[in-house]
Structures are given as structure tokens and as C-alpha cells.
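Visitor: Can you keep this structure in mind? I'll have questions shortly.
The values are calculated or read from the model by the stated rules, or taken from the named source; none is laboratory data. Because the structure is a prediction, the values reported are computed rather than measured. Cβ: placed from backbone, ideal geometry, glycine included. Neighbour counts: every protein chain shown. Note: accessible area is taken over every heavy atom of the protein model, side chains too, but ligands, DNA and RNA are not part of it. Shrake-Rupley method; radii C 1.70, N 1.55, O 1.52, S 1.80 Å.
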Amino acid sequence: MTPSQSFAARLGSLALIVLTTAAAATAQEFRPTYSLFGSPGLLEMPTAQSAPDGELGFSISNYGNYLRNTLSFQVTPRLSGSFRYARITGGAGPLAVADYYDRSFDLRYRLIDEGRYLPAVAVGLQDFIGTGLFSAEYLVASKTIASDFTVTAGLGWGRLGSRNGFRNPLSVVNSRFETRPPLDFGFGGRVQASRFFRGDAALFGGVEWRIRDNLTVKAEYSSDAYLAEVAAGTSVIDSPYNFALTYRPRPGVELGLSYLYGKEVGVNVTFALNPRNRPAPSGTEPAPVPVVVRAADLRAARTWDRVAVPDARVRHVLSQGLATEGQRLISAQIDDQSVRIRYTNDRYRTEAQAAGRIARVLAATLPGSIETFILEPVRRGVPLSAITIRRSDLEALENEPDATRLSFDRATIAAAGQDTGLVLAETQPSRFSYGIGPYLELGLFDPASPLRGELGIEVQARYDIAPNLVLSGAIRKAIAGNNDTIGTISASALQPVRRNASYYALNGDPGLEYLTLAWYGRPAANLFGRVTAGYLEPMFGGVSAELLWAPVNSRLALGAELSFVAQRSYDMGFGFGDDYSNNGITENYSVLTGYLSAYYDLGNGFQTQVDIGRYLAGDMGATVRLDREFRNGWRVGGYFTITDVPFADFGEGSFDKGIRLTIPNDWFLGTPSRKSQRTVLTSLTRDGGAQLNLDGRLYETVRQGRRGDLADGWGRFWR
């Protein structure tokens, strides 16, 4: 039998299993299980199934020499991505060290949805950014039969084409597909697209049988021959057949027991959560006041009796009403038929919900002749936008079935007005505030110390010199952790602007985290400005200035930031510079850093940002970010930075990349809160592409008042 005939026979036999049984099958809901690679799949082979849209899965698996930790995210209903951190023992890694730590990224896209007769079909890249130790590509089909049995057949390349491989069928298109270029390990972290779908191909497949709702049996034929590991004597493969039992004791938890390659026993656990499914019930906050409907004569009135009800009394009642909703009235302009107020939302995560609550308070407290409500939310002393609502629309739509859409369509969103005509509220908030609480810092995936962390106490204080001029600072004291584990700063052509973080943790305890004076302004209707001076972050101090053009009704915003900073002393006190007697590091290091930035709202919750400029180590380059934000405040995204630093100088990882998570407090508390928890997972902490960790940048300050964010949060307007 020729190689092409052998390929046709194998493909035909596997495809026959899927297609003949699919003839009478109906696409059913079949919850995919997670593989030992931490993504939806069999044991080590992928399937064409996808996790529910938005699901985050964190998996830990262990068998033989391999311990894998994987974070997977279903980016869209069709696209998923995985970030994996693996430990390989016994010299099985490419560097032949006792314990080798490997980082890798996967992508998978479902090309065809499962139907009555057709299987789901997906294409994927495994370990396409990393060392390439597990690099593979695949095309896979899966079909569910009778709601509890799924059959999978696939074609793999790279590692998934190493067992009983045959001539690449893509060589019919171009002969270059016949040969897979050798792996250029280098410093890792590069996309080697020239290897994609190249070289021999091989077939894989398997089945999943859901015995009960929470118990699944899996079997697969693996096309990964573990050639490098077998050649190095670190693995023995007795059989290509693998078997597993998967148990779900409760929703979001998956346990697995596997028997692999005729020799190894493996275990894995996956914790899955979906931002759409809250652990705490929503809507536990007090109900808003009902909309007070005016009588016909009051609605027709053109003015009100200012002797009986003076403006000062209206402002006082208004201020008290807003305070009950966690809103601070800053100023108001009250006319016979309209009111314009500026306020700060201290309670609700979205400005849309705050606007809905405020509109109800206005309807309940203002004289009947006032028809137009103009709401101007304020952050850091700067008005973000003007939301205009007609009182008669509020009265008419409260109990309509499509009130959310109708109320947004009838509202007007524009740039905030000028200060002229506004009268300050008689009661202003206290200028001084402080807080004491715990903090937790985690650092992951450093080869020298895969898990770093620190738990301690933080004291914060703030003094509002003016609404837009703020003096603030924080001091931390560590209680437990290993962030201060000292090692020699590795040699590099770059100034250590991040690699020496452990020196700050060791010597700066307690330490001054930041102490800044920040000014915010609005030079023009769509233009915002910021100047921040002082100790900007734990490792740098100086002056930073920013300008942002952000039209309220545009998806696009453009910004520019320029900062002159110096490296702080290791004791995190008030000094700058230190004795950096290690590898010729520059003392009293200072740098001019800055970026031109573009922000774009892609719609459907996707936000992108591109920064181009000069980084802390003096390197030039660009950072690209893409985030998906759910309407409940969850944000999941990724970024990468490429600069003019050669890979040899940048070191392991070749360029900076990582994953960002933001979890709003109200998601897991069930009560209103503007606070959130943020985590950045990076493959390594490097000096190339490093930016200031500066609080209060303009885009995140003003974006909640823009039309796109208001539209996304308008579902909370009536809550």
C-alpha cells in the first residue's frame, strides 16, 4: 500500500465511524470535558468541541515526568485560547536539566458547528508561542450521538503527526508542506509559522461516553509518539491507547483519572467558571424609588413658585436624595424646565445604573415643571459626559416590556457642558480619607521560583486639595511571602528596571508604595489631561503627563503620555539611586519614557489598545492589548510587547506577553461596589517592554462616561 493509499484508508476508516453514525443523530448538548493539556479534549488529543462562551478553566494535570498548569478561555463561541506552564522532570526538557519549566500558548477555532448530520470541525495550533516542545497543529471533527456518546477523529502535524505518520496531504497544494523545518529553540517565545502544518501527518481519534450526567469514560488513540523523550530515555511508550474516567462532583469542578501509553497513571483537576454565572445572587441592593408620575397640570406647567420652594431648598433635597443612592452631588444648575447636575458615583459599578437611580430621585423630588434632566458623571474632578433624559420618557417607559432599549434610544449622550451656571452643593465630602487593609501579590511562572507571593498590610491615605487635585499615598508592610528571595540579577544589556524587584521587596519592608500629587483637567470638550508627580510606583518616581482625545460618541480615542522618571532606592524610602554593584548596572538611573496610544471599542465587549513609544529600559517598540469585557464587569484579555531589543539581549521568552484578569467585587459579593480585583499573568518578568505601573491613567478614568460603555451597561438603568 502506498503512503497516499495508507492515508486514505486510515482517514476513511475513522471518518466512517463519525459519518455513518451521524446519519440518524441530532446535535445534542454535550458538555465537553478537559484534557491533560487543560483544554476541551480527550486525554492528550483535542476534540472539536468548545467550552461555553466566556468560560475560564484552570487545570492541573500530572503523569510521569509532566506537571501541567493551564488557563483556558473561551474568547468567543468559536475561538478559544490556552496559556500553559509545565514542569518536566528527569531531563526530559530541551535543555536536559533536572527540572525544566516550559511556557506555551494554544489557539483553537471551530470552523463548523455540529448539526443533524455534520460533525463539529475545528482547527488548532498547540504551543505556537513558546519553546515549541509540544508544538503541533491539527484539524479535528467531533459528533455527538444520542446525547451521551461523542466520537472524534482528527489529523495532526508536528507532535500529533509523529506516530504512524504519512505523507502530508497538503503537499498536493505545495511540495514545501512535505518537510517540517527543524525547531529553532533559540530563546523561546517566537512564532515559528514556517513550521505550521508542515511535515508528516497522522491520524488520531477517540470516544467519550457519558455514563451519567457527572461521570464520563474516555478512550483515545494518540498520534504523539513522544519521539524526543523516548530517544532521551526519559519516557517509554508501550501503547498508543489511553483511557480515562472523568467525574464532576459539582458544577465547575472536574476530576480525572487516566491510564496512558500502557504504562503511566495520571490525575487531573479542572476548575471552571463562567463570568455569566454569579456565585452570589444579583439585585440584592435596595430597590430604586419608583418613578413619580406627574399630574397633567404639573406636566404642563412652565415654572414653579420659587418663593414657596426656593432653589436652595431644591438643591438640599436633591443632595439628600442622591446620598441615599450612594451618589455625591457636586453642583447643580436648576431652571424652570431643566436641571443639570454633576455628581460622583461612589456605589454602582456602571454609570448607567447610577444614572437610572439618579433619574428616579429627580423625578421624585423636583418641581413638576422640570422636564429635562441633564446628568454629568464626574471622575477625579472631571465631567465625563452629559446624559440627557426627558422626564416624560421616564414616566412612560418604566413598566414597558422593552424599556431598556427604548430609554437608551430616547436618551441623548454628548460632551459635558461648561462650568458656567453651576452652583456648588452646600455640603461637600470630607477632603481627607484613609483606609487600612490586607493586600496579596502573586507572581507566577518565573523559572527560578515558579510561585512567588506576598501577604501584608497596606495603609492608604488621600487628601483632595481640590476635586481635580489629589494628594495620595500608601505604605505596605509584608507579613509572609517569598517575594524577597534574593538571587543575582542576571546579566543583560538592559538596565534592570524589573528584574531587580526582589531587591525592593527585601530592603523596602515596610516601604512607600507611592506618594503622588495628581491633577486632572478638561482643556476642551473632548480633550482630557493629567499630570502626576512624586513617587509614582515602588521602583520609579518622577513626573508624568498625559493628554487624551476621547469624543463621547466615538469608538476611537487617541492619547499621548510623556514621563521623566528615576529609579528609586531599594529601601523604598524618599531616596533615588542605589549601589547596584552587579554586572555594571547604572547607578542613579533616569529615563524619558512615553507613548502614543490608540484605543478602539470593537463592539460586543471587545476593547483594543496599541501603545507605540519608549519603555523604561530605553527600548523602543509597541504594545498591543485585546480585552473582552462582560456586561457584569469581568475583563479577560491578553497583550504582547515587541521592542528593538534583540532576542539575545531580551533573554528567555524573546518578547513580553501575558494575560490580564479583572474580577469586579460585586460579581462575587452580590452587593454594589466599584472595586475590582486585577491580576496579570506573565510568562516572565523582563526589562524589555516595561511600562510604569501608574494609577489613574486617563482612558480608564473617562471611558465609563462614553457612549459605548453606557450602552453596554444600560441594562442596569432600571435596576
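Visitor: Report, by residue number, each residue of region 585-605 that is open to solvent by 40 Å² or more (accessible area, probe 1.4 Å), within 18 Å of V543 (Cβ to Cβ) and among the aliphatic types (A, V, I, L, M).
Guide: L592
Visitor: Which members of region 466-491 meet the condition of being among the charged types (D, E, K, R) and at pLDDT below 85?
Guide: Within region 466-491, the first condition is being among the charged types (D, E, K, R), and the residues that meet it are 476-477, 484.
Across region 466-491, the qualifying residue is only D484.
Visitor: Can you name the number of the only condition in (1) of a type in the set (V, I, T); (2) at pLDDT 90 or above; (3) outside any strand (DSSP E or B) that T427 fails?
Guide: (2) is the only condition that T427 fails.
Visitor: Among the residues in region 258-271, are any in contact with a helix residue (DSSP H, G or I) (Cβ under 9 Å, 6 or more places away or on another chain), open to solvent by less than 70 Å² (accessible area, probe 1.4 Å) and not in a strand (DSSP E or B)? Working first, answer last.
Guide: Kept after step one, since they are in contact with a helix residue (DSSP H, G or I) (Cβ under 9 Å, 6 or more places away or on another chain), are these residues of region 258-271: none.
Checking region 258-271: not a single residue is in contact with a helix residue (DSSP H, G or I) (Cβ under 9 Å, 6 or more places away or on another chain), open to solvent by less than 70 Å² (accessible area, probe 1.4 Å) and not in a strand (DSSP E or B).
Visitor: Every residue in region 354-404 that is of a type in the set (D, E, K, R) and touching an Asp or Glu at 6+ places or on another chain (Cβ under 7 Å), please. Don't jump to the end; show me each part of the working.
Guide: Just the residues of region 354-404 that are of a type in the set (D, E, K, R), to begin with: 357, 360, 371, 376, 379-380, 390-391, 393, 395, 398, 400, 402.
Correct list: R357, R390, R391.
Visitor: Follow-up. Tell me the residue from A295, A225 that is in contact (Cβ under 8 Å) with a residue 40 or more places away in the chain and loosely packed, with under 15 Cβ neighbours inside 10 Å, please. Give the derivation first.
Guide: On the way: A225 fails: loosely packed, with under 15 Cβ neighbours inside 10 Å.
Exactly one of A295, A225 is in contact (Cβ under 8 Å) with a residue 40 or more places away in the chain and loosely packed, with under 15 Cβ neighbours inside 10 Å, namely A295.
Visitor: Open to solvent by less than 40 Å² (accessible area, probe 1.4 Å), modelled with pLDDT under 90 and not small (G, A, S): does that describe F445?
Guide: Working: open to solvent by less than 40 Å² (accessible area, probe 1.4 Å): yes; modelled with pLDDT under 90: yes; not small (G, A, S): yes.
Taking the combined requirement at face value, the residue satisfies it.
Visitor: Separate question: Would you confirm whether or not region 634-652 contains a residue that is of a type in the set (A, V, I, L, M), surrounded by fewer than 17 Cβ atoms within 10 Å (Cβ to Cβ) and modelled with pLDDT under 90?
Guide: Residues of region 634-652 that are of a type in the set (A, V, I, L, M), as a first pass: 636, 642, 645, 648.
Then drop every residue that is not surrounded by fewer than 17 Cβ atoms within 10 Å (Cβ to Cβ), which leaves 648.
With the extra rule that they be modelled with pLDDT under 90, the set shrinks to 648.
Yes: one or more hits.
Visitor: If a residue counts only when it is touching a strand residue (DSSP E or B) at 6+ places or on another chain (Cβ under 9 Å), over 21 Å from S597 (Cα atoms) and small (G, A, S), which helices (runs of 4 or more DSSP H) contained entirely in region 616-719 have at least 1 such residues?
Guide: Once the helices (runs of 4 or more DSSP H) in region 616-719 are filtered for at least 1 residues that are touching a strand residue (DSSP E or B) at 6+ places or on another chain (Cβ under 9 Å), over 21 Å from S597 (Cα atoms) and small (G, A, S), what remains is 707-713.
Visitor: May I ask you to list the residues in region 192-212 that are over 19 Å from P181 (Cβ atoms) and open to solvent by 40 Å² or more (accessible area, probe 1.4 Å)? It would help to see each step written out before you state the result.
Guide: Within region 192-212, the subset over 19 Å from P181 (Cβ atoms) is 203-212.
Answer for region 192-212, where residues must be over 19 Å from P181 (Cβ atoms) and open to solvent by 40 Å² or more (accessible area, probe 1.4 Å): V207, W209, R210, I211, R212.
Visitor: Okay, next question. Checking the condition within 21 Å of F128 (Cβ to Cβ), out of contact with any Leu (no Cβ under 7 Å at 6 or more places or on another chain) and surrounded by fewer than 16 Cβ atoms within 10 Å (Cβ to Cβ), which residue from L215, L160, L183 passes?
Guide: Details: L215 fails: within 21 Å of F128 (Cβ to Cβ); L160 fails: surrounded by fewer than 16 Cβ atoms within 10 Å (Cβ to Cβ).
Residue meeting the stated conditions: L183.
Visitor: Still on this structure, please answer the following. Looking at region 523-546, which of the residues that are surrounded by fewer than 20 Cβ atoms within 10 Å (Cβ to Cβ), under 18 Å from Y699 (Cα atoms) and touching a residue at least 40 places away in the same chain (Cβ under 8 Å) is farthest from the chain's Cα centre (by Cα)? If you could, list the steps in order and put the result at the bottom.
Guide: Here is the first cut: in region 523-546, the ones surrounded by fewer than 20 Cβ atoms within 10 Å (Cβ to Cβ) are 523-527, 529, 531, 533-534, 537-538, 543, 545.
Add one more test, that the residue is under 18 Å from Y699 (Cα atoms), and what stays is 523-527, 529, 531, 545.
This time we only want the ones that are touching a residue at least 40 places away in the same chain (Cβ under 8 Å), so: 525-526, 529.
Values: A525: 30, N526: 27, G529: 26 Å.
Checking each candidate, the answer is A525.
Visitor: Please work out which one of (1) modelled with pLDDT under 90; (2) surrounded by fewer than 21 Cβ atoms within 10 Å (Cβ to Cβ) is the condition G188 fails and give its number.
Guide: (2)
A quick yes/no check of all residues on (1) in contact with a Lys or Arg (Cβ under 8 Å, 6 or more places away or on another chain); (2) in a strand (DSSP E or B):
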residue: Y100; (1), (2): yes, yes
residue: F105; (1), (2): yes, yes
residue: Y109; (1), (2): yes, yes
residue: E114; (1), (2): yes, no
residue: V121; (1), (2): yes, yes
residue: L125; (1), (2): yes, yes
residue: G132; (1), (2): yes, no
residue: L139; (1), (2): no, yes
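Visitor: Can you pull out the residues in region 330-359 that are crowded, with 21+ Cβ neighbours inside 10 Å and not in a strand (DSSP E or B)?
Guide: Y348, R349, T350, E351, A352, Q353, A354, A355, G356, R357, I358, A359
Visitor: Using beta carbons and a limit of 8 Å, which pairs, at least six apart or on different chains, have the first residue in region 375-394 and of a type in the set (K, R) and the second one part of a strand (DSSP E or B) and surrounded by fewer than 20 Cβ atoms within 10 Å (Cβ to Cβ)?
Guide: R379/T344; R390/T372; R391/T372
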